[in-house]
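Only the coordinates and a few stated rules stand behind these numbers; no lab work does. Fair warning: this is a prediction, and the values are worked out from it, not measured in the lab. Counting neighbours? That spans all protein chains shown, and the Cβs are built from the backbone with ideal geometry, glycine included.
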Amino acid sequence: MWACIANGALMDMTSLILTDAARYAHGLAVAVGLGAAFAIDLAVLRALGAPITDALVARLADAHRVILGAVIAMWVTGLVMIGIRTGFDPDAMSPKLLAKLVTVVILTLNAVVLGRVVVPLLARSVGQRALDLPVRAIWLGCVSGAVSTASWLFAFALGVSAALKTQSAGFFLTVMPGIYAVALVGAALVVLAVQLRGARVLSPHR
């Protein structure tokens with residue numbers, strides 16, 4: 001009997017240690033991804049009025065690799081925690097957990113767009129200013145950056161907020177579209193600012 005109790009306690013301790021390790025790695029992945037996303041946004045904003053350089057493209061490519069690694073780490077550690085806590089039973093998954101899954105899916109898709117479209121686009125535009133790029137390209141870059149930052153911030157909030165832990169599915173269905181709507185409005189304002197700046201640069205009165 002005592003051996004069974006000891007084995008059960010050891011299994012519980014092992015599960016607890018594994019859960020804590022996965023939670024720690026998951027939180028670290030979110031922090032790293034959020035930092036890399038901010039680094040990309042800041043680098044692009046600073047370079048809006050200057051020619052695109054190889055150094056800028058290399059910096060963005062490095063940051064993208066960091067983000068991609070962070071996303072992969074989030075998937076791995078997240079699935080470990082889901083397996084331990086719910087046994088992958090959909091009925092045992094809380095609205096907060098489902099919101100996390102949706103957010104990571106968005107981050108994954110956005111990372112693909114960033115790596116396969118945005119960075120190569122900038123690489124082909126070395127020597128040009130962002131002001132001279134087609135409006136569609138500016139839109140793509142700004143929207144990708146806005147969605148990335150909003151998603152990483154929301155993922156961070158989901159990880160640290162006690163208030164979000166008990167919210168209903170209806171709450172997340174309302175809040176998440178609002179978060180991305182604000183992000184898109186921010187992207188639109190950046191595009192508008194770029195266009196206005198370009199118009200002033202090209203103005204014959206200057």
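Consider the range 24-62 and keep the residues that are among the acidic types (Asp, Glu) and in contact (Cβ under 8 Å) with a residue 24 or more places away in the chain. The one that is surrounded by the most Cβ atoms within 10 Å (Cβ to Cβ) is Asp41. Please tell me if Leu16 is closer than 19 Å to Leu107 by Cβ and exposed (fewer than 13 other Cβ atoms within 10 Å of the Cβ). Here the answer is no, as Leu16 does not meet what is asked. Within the range 122-134, if we keep just the residues that are surrounded by fewer than 17 Cβ atoms within 10 Å (Cβ to Cβ) and touching a helix residue (DSSP H, G or I) at 6+ places or on another chain (Cβ under 7 Å), the residue that is nearest to Tyr180 (Cα to Cα) turns out to be Ala123.
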